[in-house]
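To start, the structure itself, in structure tokens.
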Amino acid sequence: MAPKRVAALAFVALGMMAGSALADKGMVKDGMLVNEKGMTLYTFDKDAPGTTNCYDKCATNWPPLMADASAKAEGEWSLVERKDGSKQWAYKKMPLYLWVKDTKPGDTTGDMVNDVWHIAKP
């Protein structure tokens, strides 16, 4: 393969990896679970332990806390496989989500939305 083509492919591959950076599992802050940026994590009452029921428009409004394919469960942190084969972080087997209307760390505007979304707590 020509050197310019190899360099171009490498550049595209690096760009794809950077653009698709996935989240580390969350952490506890101020008595709730947050992602690495301090954004509040939520659980969904319509999920069952170890499974997710939030896809399409739901997942647009409630982005899943996605995990890298090589992520490993640890303690109370586990992984849920989504229908497309990707992985999502879960805590005590409940899948975790962000809320699009939370705009800064510490926001909790998703708590009790439609009486089915709740702040994830340790």
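Readers should treat all values here as calculations from the given coordinates under stated rules, not as data from a laboratory. Computed from a prediction, not measured in an experiment: that's the story for all the values here. Please note: Cβ atoms are built from the backbone with ideal geometry, for glycine as well, and neighbour counts cover all protein chains shown.
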**Request:** For a label point 7 Å from the Cα of residue 70 along Cα→C-beta, name the residues of the range 19-48 whose backbone N is under 18 Å from it.
**Result:** 19-25
**Asked** Where a Cα-Cα gap under 21 Å defines reach, which lysines qualify for residue 46, not counting those fewer than 8 residues away within the same chain?
**Response** 57, 83, 87, 92, 93, 101, 121
**Complete:** For the range 33-116, listing GluC sites (Glu not before Pro) in a DSSP loop whose Cβ sees at most 16 other Cβ atoms within 10 Å gives 36, 76
**Prompt:** So for the range 72-122, taking the charge dipole from beta-carbon charges (+1 Lys/Arg, -1 Asp/Glu), which of 116, 75, 97 sits furthest toward the positive end?
**Reply:** 75
**Asked** Where the centroid of each part is defined by its Cα atoms, how far is the range 99-113 from the range 35-89 in Å?
**Response** 16 Å
**Complete:** Protection proxy (average C-beta count within 10 Å per residue), highest first, orders 38-47, 24-33 as 38-47, 24-33
**Prompt:** What is the gain in length, in nm to one decimal, between residue 101 and residue 60 on full extension, counting 0.36 nm per residue of separation less the C-alpha to C-alpha distance?
**Reply:** 13.6 nm
**Prompt:** If you stretched the chain out fully between residue 48 and residue 121, how much longer would it get, using 0.36 nm times the residue separation minus the C-alpha to C-alpha distance?
**Reply:** 24.6 nm
**Fill in**
The ratio Rg/Rh over the Cα atoms of the range 36-122, Rh being the Kirkwood inverse mean 1/r radius, stands at 0.93
